[in-house]
Structures are given as C-alpha cells and as structure tokens.
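The structure appears right after this line, and notes come after that.
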Amino acid sequence: MTWERGRVFDADVGEMFRRMVSDAKNARVEDFTEKEERRPRPGGLNTVEMLKAASAGLGMGAHHAMQIAERLYIQGYISYPRTESTGYPAGFDLKGTLRAQRRHPVWGSYVSELLDGGAMARPRAGKDEGDHPPITPMEAVTESHVGGGDAWRLYDFIARHFIASVSPDCTYAAQKATLSLGGEKLQVTGQSVLTHGWTTIMPHRAIEENPLPEMNEGESLPVAHVDLRQGKTSPPPYLSESELIGL
C-alpha cells in the first residue's frame with residue numbers, strides 16, 4: 001500500500017503519524033474501482049530499438065549486435081537492419097511476411113492461429129522515413145540454421161517482435177482501492193490479465209498478475225501491521241548503453 005502523503009522529512013512527525021494509524025484497528029474502504037486497460041502491441045522495429053533491446057535484454061554490445069544483424073541480412077534471414085522507420089510503407093506485404101513463419105517449429109502454431117483465426121492486427125501507426133521498412137524476419141529459420149548463440153538470440157527477438165507487432169493488444173483489469181486508516185488515506189493497486197494478446201509471443205513482456213480481492217465501499221478491514229521506514233535520497237545511476245543509444 002502507498003501512503004497518500006508519500007513521505008515526511010521529520011522523524012518525530014513520521015512517528016506521530018505511525019501512532020495515529022497504529023491505534024486504528026480497522027481500515028475503511030473509501031473507494032474501489034476496476035477498469036479494463038490495454039498494453040498495446042509493439043510498433044515496427046528500427047535499428048535504434050533493436051540495438052537498445054540487444055543491449056538491455058540480450059546482453060550484447062551495440063557493435064556486436066550490428067555485426068550479427070548484418071550477417072543475418074546477408075544470409076537472407078532478416079530484412080535490411082539499418083533503418084529509422086517504425087511504420088510500414090503502403091503496400092508492404094505484412095501477411096506474406098507473417099505467412100513465411102507458419103511452419104516454424106517454435107512459433108508456427110501461434111502464427112497459424114493469427115492467420116486462420118482472423119486475429120492478425122494492423123501494426124501500430126509508426127513513421128515511414130522513406131529509407132527502408134522496419135526490420136522483419138525474411139525466412140523461418142531455426143537455431144541450428146543460424147548457428148545458435150547470439151545469432152539465434154537476435155533472430156529470435158526480431159521474429160518475435162514482428163509477430164507481436166501484428167498480434168492483438170494485451171488487455172487486463174486494473175484495480176485500485178483507497179482506504180482510510182486513522183484519518184490517513186492509503187491506496188493499493190492490482191491487476192489481472194484478461195487476454196494475453198501479443199505477450200503470448202513475447203512472454204518476457206507479460207503483465208505480472210497481482211489481483212486485489214473484491215472490496216466493497218464502506219467495508220471494514222482488519223490491520224495486520226504498520227511500518228514506518230527510513231530512507232535517503234541517492235544520485236541517479238550511470239547511463240546504461242541502452243539508455244545512451246536511445247539518447
């Protein structure tokens with residue numbers, strides 16, 4: 001739970017509030033809301049986003065990742081990897097590009113569901129810079145085809161990203177409760193997935209479920225314990241390579 005005041009900067013004042021809240025044995029539910037939210041599918045993949053993902057998620061330096069991407073391109077496995085575009089040009093064969101992945105042993109069944117079930121979605125509107133289209137897989141190749149290692153991990157990311165970009169959005173129920181305790185207000189949030197959508201193919205981006213129990217306005221809830229925590233400010237961390245690439 002989070003305190004409406006956030007924090008105070010005087011220990012004695014903090015202790016005063018802790019005693020006020022601790023003396024109250026029950027919390028009253030002031031408000032409880034639940035609404036459907038969406039986590040939108042990713043847009044088209046350009047060079048900057050590919051290198052950021054390689055650095056932050058795959059543990060590859062930008063130079064090394066670019067070398068691998070260029071080799072995958074020369075082998076005909078992915079499209080040209082140097083592009084600023086996140087939007088596809090008019091007439092780009094999205095369905096044909098997706099159809100090429102239908103027989104892939106890892107994600108082929110998911111691709112077939114998109115194509116046969118009519119769930120394939122238009123990519124999010126991006127920006128077509130007029131140089132090259134976003135990076136996409138060109139062939140359905142396996143780990144052994146690309147030689148495993150970093151080459152497979154980068155191809156796997158590019159293919160999954162494209163498939164996710166033409167998948168339905170992820171939807172979830174967002175819950176929020178406001179409680180009153182000793183004259184102080186506290187809030188707690190929760191969420192539960194309704195449809196996994198594109199996170200099915202990119203499970204590392206899936207929503208972590210932590211649903212709240214159902215609450216009713218005016219309901220009284222027993223207090224288990226109250227903590228007063230002391231902290232201090234700290235300087236921001238150094239920039240990561242992924243953040244630097246984005247800048």
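The figures follow:
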{"quantity": "Largest-first ordering by accessible area, 1.4 Å probe, given options Leu228, Leu114", "calculated": "Leu228, Leu114"}
{"quantity": "Kirkwood hydrodynamic radius of the chain, Cα pairs, Å", "calculated": "21.5"}
{"quantity": "Calculated diffusion of region 117-247, Stokes-Einstein form, Kirkwood radius summed over Cα pairs, 25 °C and 0.890 mPa s, µm²/s", "calculated": "122"}
{"quantity": "Hydrodynamic radius (Kirkwood) for region 102-182, which is based on Cα pairs only, to one decimal in Å", "calculated": "15.6"}
{"quantity": "C-alpha center-to-center spacing [region 58-112, region 23-38] in angstrom", "calculated": "45"}
{"quantity": "Stretch gain in nm, segment Ala224-Ala174, where the contour uses 0.36 nm per residue and the Cα spacing is subtracted", "calculated": "15.6 nm"}
{"quantity": "D_trans [Stokes-Einstein, Kirkwood Rh over alpha-carbon pairs] for region 144-199, 10 °C, 1.306 mPa s, µm² s⁻¹", "calculated": "106"}
{"quantity": "Residue-normalised accessible area of region 110-197, given per residue in Å² at a 1.4 Å probe", "calculated": "42"}
{"quantity": "Share of carbon and sulfur in the accessible heavy-atom surface of the chain [1.4 Å probe, %]", "calculated": "49"}
{"quantity": "Mean ellipticity per residue at 222 nm, deg cm²/dmol - from DSSP H runs of n ≥ 4 across the chain, formula -39500 (n - 2.57)", "calculated": "-9500 deg cm²/dmol"}
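The values are calculated or read from the model by the stated rules, or taken from the named source; none is laboratory data. Here the structure is a predicted model, which means the values were calculated and not measured. Just the protein is used for accessible areas: all its heavy atoms, side chains included, with ligands, DNA and RNA removed. Shrake-Rupley method; radii C 1.70, N 1.55, O 1.52, S 1.80 Å.
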